[in-house]
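Student: Just dropping this structure here.
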Number of protein chains: 2
Amino acid sequence: MSQQRHGSTPGAADGVPAFPDLPEATIARLPEYLRALHHLAETGAETVSSEGLAAAAGVNSAKLRKDLSHLGSYGTRGVGYDVALLVDQIEYILGLDKNRAVCLVGVGNLGHALAGYAGFASRGFRVVALFDADPKKVGEQINGLTVQHTDDLERVAAEESIAIGVIATPPGTAQAVADALVAAGVTSILNFAPGVLSVPSNVDVRKVDLAIELQILSFHEHRKASLTALPGGRSAQPASGDQEVVGS
Amino acid sequence: MSQQRHGSTPGAADGVPAFPDLPEATIARLPEYLRALHHLAETGAETVSSEGLAAAAGVNSAKLRKDLSHLGSYGTRGVGYDVALLVDQIEYILGLDKNRAVCLVGVGNLGHALAGYAGFASRGFRVVALFDADPKKVGEQINGLTVQHTDDLERVAAEESIAIGVIATPPGTAQAVADALVAAGVTSILNFAPGVLSVPSNVDVRKVDLAIELQILSFHEHRKASLTALPGGRSAQPASGDQEVVGS
DNA sequence: CGCGATTTGTGCACGCCTTCACAAGCGCCT
DNA sequence: AGGCGCTTGTGAAGGCGTGCACAAATCGCG
């Protein structure tokens, strides 16, 4: 990473750089920019304009520029952004240069898929431990890893100093698993189980509920249907622009 | 608020009710309220206060009341909300009373898991068709359904008038699949493939990128680590409140 | 019947995020 | 060297969402 001048992180005093406090909305978009940049790099592009990168990431260019400006000034006016440089910067900010260890709890249908998900490894995450409460699953080999019993979760996770845990258990056991993860020193949890987790305030939780996504789509289906059925409603065919992404 | 009867949907003139236009943020929370309400109903509760429901859904009570007020006036002051009534209302708004048909494209690791995901069926969604481009997978039986070839996607989806499609293919083929879905009349897409989909403006797309979620957590890990390492940073143990959910 | 306890519904202010519009800066061409 | 076109970075405005604080409404009880 550090490329001499341009490279050093803004506000770096000594070895440990001060951390720019980015808006949460910006953080959520950085991974998307990063993916687009990787794609551009593969096609051999050296630089990108904000317009080009914005299009590749599916946002508008003003938003992209403002987002990137929060990281520092890594563009060249009249030219654009250096792809390689920007990749390094974003990966540094996101902490992806650390090759983070992740453990996964719950090797059911979904957990099984997550354990083998290529997208994790390709973005700097290593799944290093699998757990399940079902004795029949303990010992099973998945993707080169042996499933261990959740009773050992706390010990193993602590030993390997795992910082990120993924919960893919049934809703009933999710809270207990979260408690064990926290006890083991995990400070970030990605939760696929429906329901609310209660954790200490120093632990970050992100939730992904597949059914909720469908329900939101269902709402919009319902809305669209009621519009076309209504007297004033136009008959569903509002031109064909590009891209309507609903919600956040 | 007019209130009148309490039962029928607000603004209903004839058979087709006018559709309240809810804030997007509210819509995204309704499924969570619904889940909490179902849970309460199972425990035999007749009514809930906004405080109680808010706690169960992991939000603050003012927000919950404002959200629900957008649906109409379905609470009773001094008492709370009628659980059964509220369930019906939210399910109606979300269009879950329609038992919507969903098709799933891409029966890889993730797609396989989604096809068997119990959370879909239990919330009013029926997976009615599976597709994959790999001839080796075509014909395979999953959860009582036969995997069909993506060449038949457009025909089958149109015949069964499927409105919602789920994409769980590798990123390279996602756009082509989306085009086929749109051509078949699908107007809502849930996309698990990384990358930006381009669709007509009357089609809603929601994206779930599992790797992005981890990257956001990674950022917060990085931030927390740099804080504790910094001279001014407190030594990581900021009391133990409840619930810190990061991001939207 | 009236009163107090309780809980909803909402007006208001604040902060975050988005978007526009433009000045500042950079490279290239003449 | 100078000017021109292009692109970034950002000030300002507007919109959306959140949370507070309180009035309005309902129930139960004396």
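Student: State the three equivalent ellipsoid semi-axes of chain A, derived from the C-alpha gyration tensor as the square roots of 5 times its eigenvalues, in descending order and whole Å. Could you put the intermediate results ahead of the total?
Tutor: Values: eigenvalues 240, 182, 53 Å².
Rounded to whole Å, the semi-axes are 35, 30, 16.
Student: Another question about this same structure. Under a Cβ-Cβ cut-off of 12 Å, what is the net charge of the residues other than A:ASP132 that fall near it, where Lys and Arg count +1 and Asp and Glu count -1? Intermediate values should be presented prior to the final figure.
Tutor: Details: positive: A:LYS136, A:LYS137; negative: A:ASP134, A:GLU140, A:ASP151, A:ASP152.
Here the charged neighbours net out to -2.
Student: Starting from the Cα gyration tensor of the protein assembly as shown, take the square roots of the eigenvalues, sort them a ≥ b ≥ c, and report rounded, prolate or oblate (rounded when a/c is under 1.5, otherwise prolate if a/b is larger than b/c, else oblate). Can you show the working numbers first?
Tutor: On the way: a/c = 1.39, a/b = 1.25, b/c = 1.11.
Judged from the Cα gyration tensor, the protein assembly as shown comes out rounded (a/c under 1.5).
Student: Kindly provide the GluC sites (Glu not before Pro) of the stretch B:120-184 that DSSP labels as loop, not H, G, I, E or B, and whose Cβ sees at most 16 other Cβ atoms within 10 Å.
Tutor: Working: sites: B:GLU140, B:GLU154, B:GLU159, B:GLU160; in loops: B:GLU140, B:GLU160.
Hits after loop and neighbour filter: B:GLU140, B:GLU160.
Student: Continuing with this model, one more query. Which listed residue (A:ALA157, A:SER69, A:SER49) has the Cα farthest towards the positive end of the charge dipole for the protein assembly as shown, taking +1 on Lys and Arg C-beta and -1 on Asp and Glu C-beta about the Cα centre?
Tutor: The Cα lying farthest towards the positive end belongs to A:SER69.
Student: OK, next. What distance in nm lies between label points placed 7 Å from Cα along the C-beta direction at A:ALA118 and B:ALA25?
Tutor: 3.9 nm
Student: Put +1 on the Cβ of every Lys and Arg and -1 on every Asp and Glu Cβ in the protein assembly as shown; which of B:ALA113, B:LEU197, A:ILE93 then has its Cα farthest towards the positive end of the dipole?
Tutor: Result: A:ILE93.
Student: Could you pull out the GluC sites (Glu not before Pro) across the stretch A:30-113 that fall in loop regions by DSSP (anything but H, G, I, E, B) with no more than 14 other Cβ atoms inside 10 Å? Walk me through the intermediate numbers first.
Tutor: Details: sites: A:GLU32, A:GLU42, A:GLU46, A:GLU51, A:GLU91; in loops: A:GLU46.
Those that pass, being in a loop and sparsely packed, are A:GLU46.
Student: If I model a spin label as a point 7 Å beyond the Cα along the Cα-Cβ vector, how far apart are those points for A:ALA84 and A:HIS38 in nm?
Tutor: 1.8 nm
Student: Starting from the Cα-Cα distance between B:SER161 and B:ASN143, subtract it from 0.36 nm times their residue separation and give me the gain in nm to one decimal.
Tutor: On the way: separation 18, 0.36 × 18 = 6.48 nm, distance 2.12 nm.
So the chain would gain 4.4 nm between B:SER161 and B:ASN143.
Student: If you take the beta carbon distance between B:ARG65 and A:SER226 as r and set R0 to 25 Å, what does 1/(1 + (r/R0)^6) give as a FRET efficiency, to the nearest 0.05? Spell out each step's value before the answer.
Tutor: On the way: r = 25 Å, r/R0 = 1.01.
The computed FRET efficiency comes out at 0.50.
Student: Name the residue, out of B:ASP97, B:ASP21, B:ASP67, whose mean-square fluctuation peaks in a Gaussian network model built on chain B with Cα pairs under 10 Å.
Tutor: So, out of B:ASP97, B:ASP21, B:ASP67, the one fluctuating most is B:ASP21.
Student: From the square roots a ≥ b ≥ c of the eigenvalues of the alpha-carbon gyration tensor of the stretch A:38-78, which class results: rounded (a/c under 1.5), prolate (a/b over b/c), or oblate? Write down the numbers at each step before the final one.
Tutor: On the way: a/c = 1.90, a/b = 1.32, b/c = 1.44.
It is oblate, given that a/c is not under 1.5 and a/b is not larger than b/c.
Student: Right, here's the next one. Compute the Cα gyration tensor for the stretch B:65-179, then decide on rounded, prolate or oblate, letting a ≥ b ≥ c be the square roots of its eigenvalues: rounded whenever a/c is under 1.5, prolate when a/b is larger than b/c in the other cases, and oblate in all that remain. Kindly include the intermediate steps, with their values, before the conclusion.
Tutor: Numbers: a/c = 2.99, a/b = 2.72, b/c = 1.10.
Prolate.
Student: Can you list, shortest first and in nm, the gaps between the label point of A:LEU227 and those of its counterparts in the other copies, using a point 7 Å from Cα in the C-beta direction?
Tutor: Values, ascending and in nm: 4.1.
Student: A follow-up question, please. For label points placed 7 Å from Cα toward Cβ, what is the shortest-first list of nm distances from B:ALA158 to its copies?
Tutor: Copy-to-copy label distances for B:ALA158: 6.2 nm.
Student: Obtain the nm distance between the two label points defined at B:THR173 and B:GLU51 by a simple spin-label model: each point lies 7 Å from its Cα along the Cα-to-C-beta direction.
Tutor: Here the answer is 5.5 nm between the modelled labels.
Student: A further question follows. Using a label point 7 Å beyond Cα on the Cα-Cβ vector, give me the inter-copy distances for A:GLN141 in nanometres, one decimal, shortest first.
Tutor: Ordered by increasing distance: 2.9 nm.
Student: Only sites in a loop by DSSP and with at most 13 other Cβ atoms within 10 Å count here; which trypsin sites (Lys or Arg not before Pro) in the stretch B:119-183 make the cut?
Tutor: Numbers: sites: B:ARG123, B:ARG126, B:LYS136, B:LYS137, B:ARG155; in loops: B:ARG123, B:LYS136, B:LYS137.
Counting only loop positions with at most 13 other Cβ atoms within 10 Å, the trypsin sites (Lys or Arg not before Pro) in the stretch B:119-183 are B:LYS136.
A short reminder: the numbers here are calculations on the coordinates, not readings from a lab. Everything numeric in this text was worked out from a predicted model, so none of it was measured. When we count neighbours, we look across all protein chains shown, and the Cβ atoms used for this are built from the backbone with ideal geometry, even at glycine.
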